[in-house]
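Engineer: Dumping the structure here so I can ask a few things about it.
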Amino acid sequence: MTTRSLADHHAAVAQALVPNPVMDVLIADALGGTLAHDIVARRDVPPYPVAAYDGYALSAAELTPGVTLPVSYDIDFSSRSPRTHIPGTAARIPTGAPLPRGADAVVALADTDEGMARVSVARAAFVGEGVLPAGSEIEAGSLVVEAGTRLGPRQVAAAAALGMPRLHVHPVPRVVVIAVGDELIDPGARSLGGEVADADSHLLTGMIRRAGAQAFRVGPVPDDPASLRAAIEDQMVRADVLITTGGLSGGPRDNVAAVLKRLGQFEVVDLDVRPGGRQGLGVLEFGDRTLPVVALPGNPGEAAIGFEACVRPALRAMCGYTSRERETVTARATRDWSVPAGAVRATPVVLDDVDGEALVTPLLSPRLSVIDMARADALVWSGEQGLDVRAGDSVRCALWG
């Protein structure tokens, strides 16, 4: 058994969960990945003034109400560059087409007789009417999407507008969660007496997905070493990270550590964090691959805090995010409470908004129950020195949503 500080174990998990190599992918395959490099516009979009709507491109100075102008030509999108305006004429132009050089306005079809050879215009026009200037969508040199951004449809569209066929992305890591224990059954499964519904794997897969990774649930898996080893080996091909929950207590049926040690390097660690102080960390080896494995406690509250304290930041880094810690808010305490010294502790709290002021109330049950987790909006972390809060104090809360 190894004893380790939370800070040291945090660093050890971060070192074990090494990001996959950055991939150069087609833009059509980039959705869902995390951008590895800033996207900076190399040119204006559009690169030249274009028509804001269908109409006639002309010079505003040459137009008076009721005038009839010859139609010089039809503009289409096959032109390699903007054409040149012929003074005293108008050119038919579709939405988004480049404005002829020398033209400075587009009159909408509705304000004309829509003539083909000659067009009558009912009113005057002003310079810039119906024209989208160069760079109106994106200006050259502007930061379009920042590295560390999870690419959604809008970000991919911006890259496509810049004419980028490929992007460099961090692939989304695949995390497999295995809940271990003879006592576990799936929710809704028939109970023979004494079994416990598996909450851990559902909890952790949800937290993993919220962190930005893909999550795959396996379980429940019995404590039997052969069954446990078979379940782990079955998942090695598809997993980038393996997380187990349960089987670490050291009882006669707790075989997680023994099985994982046969498959690679693994150690059980006692940390100065409550709840969730017992965890495991290792690396499994198969073929030319290595697979990091993190073992968390079987109690849902302990598993949740263990994940928050050590796994989530490392997983965020593995995803390629630059923001790895929870967002925090400051709230005013509604009551006194204290946290004992001797370990880093996480207190679940409820946040309320009263007349625009954030208020925080602790949930102080002896163990972090499933009900407390369901109710909690945030966590208040205290150091080894403990914490004494008085009603009215300002308290920093890590949002847990």
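Every number in this text was worked out from the coordinates using simple rules, so none of it is lab data. Just so you know, these numbers come straight off a predicted model, no measurement behind them. We place every Cβ from the backbone using ideal geometry, glycine too, and count neighbours over all the protein chains shown.
Engineer: Using Cα atoms only, what is the angle between the long axis of helix 200-211 and the major principal axis of the chain, expressed in degrees (0 to 90) to the nearest 10?
Structural biologist: 30 degrees
Engineer: While we're on this one: Just flag the trypsin sites (Lys or Arg not before Pro) in the range 104-174 sitting in loop per DSSP whose Cβ has no more than 14 other Cβ atoms within 10 Å.
Structural biologist: Those that pass, being in a loop and sparsely packed, are R123.
Engineer: Per the Kirkwood treatment, what hydrodynamic radius in Å, one decimal, follows for the range 73-169 from the mean inverse distance over all distinct Cα pairs? Provide the component values of the computation, followed by the final result.
Structural biologist: Numbers: mean 1/r = 0.0613 Å⁻¹.
The answer is 16.3 Å.
Engineer: Amide H neighbours of R43 under 5 Å, at least 5 residues apart or on other chains, H built in the peptide plane: list them.
Structural biologist: Those qualifying (amide H under 5 Å, at least 5 residues apart or on another chain) are G141.
Engineer: Under 5 Å between amide hydrogens, which residues at least 5 positions from V145 or on another chain qualify, with H placed 1.01 Å from N in the peptide plane?
Structural biologist: Those lying under 5 Å, H to H, from V145 are I39.
Engineer: With viscosity set to 1.002 mPa s at 20 °C, what whole-number translational diffusion coefficient in µm²/s follows for the range 328-399 from Stokes-Einstein and a Kirkwood radius over Cα pairs?
Structural biologist: 175 µm²/s
Engineer: Just the number, please: percent antiparallel of the DSSP beta bridges in the range 50-132, rounded to the nearest 5.
Structural biologist: Numbers: 14 of 17 bridges.
DSSP beta bridges in the range 50-132 are roughly 80 percent antiparallel.
Engineer: Rounded, prolate or oblate for the range 1-80? Axes are the square roots of the Cα gyration tensor eigenvalues, ordered a ≥ b ≥ c, and the cut-off for rounded is a/c under 1.5.
Structural biologist: Numbers: a/c = 6.49, a/b = 4.11, b/c = 1.58.
Prolate, because a/c is 1.5 or more and a/b exceeds b/c.
Engineer: Right, something else. Determine the calculated [θ] at 222 nm for the chain from helices alone, applying -39500 (n - 2.57) to every DSSP H run no shorter than 4 residues and normalising by the residue count; nearest 500 deg cm²/dmol. Spell out each step's value before the answer.
Structural biologist: Values: 8 runs with 72 residues, N = 401.
Helices in the chain give a 222 nm mean residue ellipticity of -5000 deg cm²/dmol.
Engineer: Amide H neighbours of D393 under 5 Å, at least 5 residues apart or on other chains, H built in the peptide plane: list them.
Structural biologist: For D393, whose amide H was placed from the backbone, the distant partners under 5 Å are A333.
Engineer: Largest first and to the nearest Å, give the Cα extent of the chain along each principal axis.
Structural biologist: Here the spans come out as 96, 58, 42 Å, largest first.
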